[in-house]
Amino acid sequence: MIASTISCAVRGIAGVPVTVEADISNGLPNFTIVGLTDRAIQEARQRVSAAIRNAGFTFPGRKLTVNLAPAELPKDGSAYDLAIAVAVLVCDGRDLPLVGTALLGELALDSRLRPVAGVLPMARSLRAAGVRRLVVPEENAAEATLVDGLEVVAAPSLAACIHHIDGSRPLPPPQEVAPEPPAIDLVDISQVRGQQTAKRALEIAAAGGHNLLMVGPPGAGKTMLARSLASLLPDLDVEDSLDVAAVYSLRNALRERPPTVLRPPFRAPHHSISRAGLIGGGAGLAQPGEISLASKGVLFLDELCEFPRTLLESLRQPLEERTVSIARARGSVSFPAAFTLVGAANPCPCGHLGDPGHVCSCDATRLSNYHARLSGPLLDRIDMVINVPRQPYGVIFDESGCGERSADVRARVELARARQRERAASGAGQRAAPSLNVTLDGRSLRSACRPTAAASQLLASAGEHLGLSARAYHRVMRVARTVADLEGEDRVDEAAVAEALRYRDQIAA
Ligand SMILES: [Zn+2]
């Protein structure tokens, strides 16, 4: 007799439904699992047979074969345990109504269900594939209930799952996740004193999604400014917030960021982070890295020059493509990486170059090495470079001029983004590209900007005087487009270009 149940694999942040087939035939007692499985799944044989016995059921004493289909899809991890155990019990003669039901969870030897990573993306894909009822470990129930139209069963154990499905002892429905109270921004931009140039640059970066490098001495407030950038970004819509939560689910990190939060993520990894930690990867199931946890939000790299050069190099592809693909032994997987990069660096190794209050102690060789490092691997994807000087004490302790609050700036950012979306929609015929100005390049950039005659003239003369490369020219245009969007202008004018030229990369020059 053959029985089958439904479970799920994860590729990147998408779930792929998996059919678990069990077959019992006459022959010596034996338990085989086939279907491109890893070691964790092979070990499922021990967990499943012990759990079935310890739940008070009988494990079939004959030749048992379990197949996970589709066979060509690589499968990792322990989330198939429950579906395998239930398929074995049905195959052995237990009558269970399983139409439209999927099962996820790792079994302990005593038959309790243990939580698994990635339940949210799996639940979304299973629902899209027509699954109506999903059995998950109790700890994973909250994320599964976020998916509309899915009846979630939170089962503490294999026995509880079987008794719920056969109707003999129904489980209570899991508690709905209470929506989070509106998040309070960790740093409001009004808390940063002075730094008007930097604040303006942050507003532009938020509006156009531009990557930004802040250069300034220690203690000038670069970290606080970076944090306040996150507070200038508009709320995510529900679909986007579920995409973000799916990445956190794969990292088992939903406790750090409850899935109902609509604020864009802010991540600030330390420069000692591993490649797998930053970019993604690791042993077993491929895990998303910090750049994916920061997707649709801000990735802040403080002390940019302290990050290993190879690590910074590996950010170039994700910055370009807004996704990251990670090579695995059994095919590559991709994760989202649509983050805004904010880097912070000291102006020189000692930190005091250009600081009126201190003398820089760096010699010329050290300085030029440092600048080479700063301008090397990433700078061609950074649209804006700003100087963040130390503030005079008078400004730091001035209680009067706190300036605008984040919510006020965010309102302007939202309008500018609406203009970008509108323009992208009207330029239809092209693929449904992301609408932020940071993604504009080549032809789409030219057609989006439509510079006025004066603006074109300024660009041409700046190009000549400053020796702008093609890349630098594109950076100026992208930023100028966002400045014009903040002004509500359809065309890029002279003032917008002039402002964009001020944020151009002066380190590499
Ligand atoms: Zn120095």
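Hey, among Gly12, Gly35, which residue is at pLDDT below 95, surrounded by 20 or more Cβ atoms within 10 Å (Cβ to Cβ) and either over 19 Å from Ala102 (Cα atoms) or basic (Lys, Arg) (or both)?
Values: Gly35 fails: either over 19 Å from Ala102 (Cα atoms) or basic (Lys, Arg) (or both).
Result: Gly12 is the single residue among Gly12, Gly35 that is at pLDDT below 95, surrounded by 20 or more Cβ atoms within 10 Å (Cβ to Cβ) and either over 19 Å from Ala102 (Cα atoms) or basic (Lys, Arg) (or both).
Condition check ((1) closer than 19 Å to Gly280 by Cα; (2) modelled with pLDDT under 90; (3) of a type in the set (A, V, I, L, M, F, W, C)) across all residues:
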residue	(1), (2), (3)
Asp302	no, no, no
Leu315	yes, no, yes
Pro336	yes, no, no
Asp355	no, yes, no
Asn369	no, yes, no
Ile386	no, no, yes
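Exactly one condition in (1) away from the ligand (no atom under 16 Å from the Cβ); (2) free of Cβ contacts under 8 Å to residues at least 60 places away in the same chain; (3) not in a loop (DSSP other than H, G, I, E, B) is false for Ser295; which is it?
(3)
Within region 310-317, does at least one residue satisfy the condition of being in contact (Cβ under 8 Å) with a residue 24 or more places away in the chain, within 16 Å of the ligand (Cβ to nearest atom) and in contact with a strand residue (DSSP E or B) (Cβ under 8 Å, 6 or more places away or on another chain)?
The answer is no, given that none of the residues of region 310-317 is in contact (Cβ under 8 Å) with a residue 24 or more places away in the chain, within 16 Å of the ligand (Cβ to nearest atom) and in contact with a strand residue (DSSP E or B) (Cβ under 8 Å, 6 or more places away or on another chain).
I'm told Asp38 meets every condition in (1) more than 27 Å from Leu126 (Cα to Cα); (2) touching a residue at least 60 places away in the same chain (Cβ under 8 Å); (3) of a type outside the set (Lys, Arg); (4) out of contact with any helix residue (DSSP H, G or I) (no Cβ under 9 Å at 6 or more places or on another chain) except one. Can you identify the failing condition by its number?
Against the list (1) more than 27 Å from Leu126 (Cα to Cα); (2) touching a residue at least 60 places away in the same chain (Cβ under 8 Å); (3) of a type outside the set (Lys, Arg); (4) out of contact with any helix residue (DSSP H, G or I) (no Cβ under 9 Å at 6 or more places or on another chain), Asp38 comes up short only on (1).
Pairs, please: C-beta under 7 Å, at least 6 apart or cross-chain, first residue touching a residue at least 40 places away in the same chain (Cβ under 8 Å) and in region 360-371, second more than 7 Å from the ligand (Cβ to nearest atom) and not in a helix (DSSP H, G or I)?
If the second residue must be more than 7 Å from the ligand (Cβ to nearest atom) and not in a helix (DSSP H, G or I), the pairs left are His371/Ile507.
Taking Gly277 as meeting all but one of (1) farther than 28 Å from Arg39 by Cβ; (2) part of a helix (DSSP H, G or I); (3) away from the ligand (no atom under 16 Å from the Cβ), write down the number of the exception.
(1)
Does at least one position in region 305-318 carry a residue that is more than 25 Å from Leu374 (Cβ to Cβ), surrounded by fewer than 17 Cβ atoms within 10 Å (Cβ to Cβ), more than 11 Å from the chain's Cα centre (by Cα) and not hydrophobic (A, V, I, L, M, F, W, C)? Reasoning before the result, please.
Keep residues of region 305-318 that are more than 25 Å from Leu374 (Cβ to Cβ), which gives none.
No - not one qualifying residue is present in region 305-318.
Mind checking whether some residue in region 40-56 is assigned to a strand (DSSP E or B) and touching a strand residue (DSSP E or B) at 6+ places or on another chain (Cβ under 7 Å)?
No: zero hits.
Taking only region 9-39 into account, find how many residues are on the phi < 0 side of the Ramachandran plot and not in a strand (DSSP E or B). Don't jump to the end; show me each part of the working.
Looking only at region 9-39, we keep the residues that are on the phi < 0 side of the Ramachandran plot, and these are 9-11, 13-26, 28-34, 37-39.
Now restrict to residues that are not in a strand (DSSP E or B): 13, 26, 28-29, 38-39.
Final tally of qualifying residues: 6.
I'd like to verify a number: residues in region 103-151 that are under 19 Å from Val261 (Cα atoms), β-branched (Val, Ile, Thr) and out of contact with any Asp or Glu (no Cβ under 7 Å at 6 or more places or on another chain), how many?
1
Might you let me know whether region 152-162 holds any residue that is within 18 Å of Pro258 (Cα to Cα), among the aliphatic types (A, V, I, L, M) and part of a helix (DSSP H, G or I)? Spell out how you get there, then give the answer.
Looking only at region 152-162, we keep the residues that are within 18 Å of Pro258 (Cα to Cα), and these are none.
No: zero hits.
Consider only pairs whose beta carbons are under 7 Å apart and that are at least six residues apart or on different chains; among these, list those whose first residue lies in region 336-357 and is over 16 Å from Arg316 (Cβ atoms) and among the basic types (Lys, Arg) and whose second residue is more than 9 Å from the ligand (Cβ to nearest atom) and assigned to a loop (DSSP other than H, G, I, E, B).
Pairs that qualify, where the first residue is over 16 Å from Arg316 (Cβ atoms) and among the basic types (Lys, Arg) and the partner is more than 9 Å from the ligand (Cβ to nearest atom) and assigned to a loop (DSSP other than H, G, I, E, B): there are none.
With the checklist (1) assigned to a loop (DSSP other than H, G, I, E, B); (2) buried (at least 20 other Cβ atoms within 10 Å of the Cβ) in hand, flag the one item Ala142 doesn't pass.
Among (1) assigned to a loop (DSSP other than H, G, I, E, B); (2) buried (at least 20 other Cβ atoms within 10 Å of the Cβ), the lone unmet condition for Ala142 is (1).
For region 338-353, what are the residues that are within 14 Å of the ligand (Cβ to nearest atom) and modelled with pLDDT of 90 or more? Quick ask: steps written out before the conclusion?
Taking region 338-353 first, the residues within 14 Å of the ligand (Cβ to nearest atom) are 345-353.
Passing the criteria: Ala345, Asn346.
Going through region 89-113 one residue at a time, which ones are β-branched (Val, Ile, Thr) and either buried (at least 16 other Cβ atoms within 10 Å of the Cβ) or not in a loop (DSSP other than H, G, I, E, B) (or both)? Give the derivation first.
Taking region 89-113 first, the residues β-branched (Val, Ile, Thr) are 90, 99, 101.
Matches in region 89-113: Val90, Thr101.
The values are calculated or read from the model by the stated rules, or taken from the named source; none is laboratory data. Values in this document were obtained by computation on a predicted structure and should not be read as measured data. As a convention, Cβ positions derive from the backbone with ideal geometry for all residues, glycine included, and neighbour counts pool all protein chains shown.
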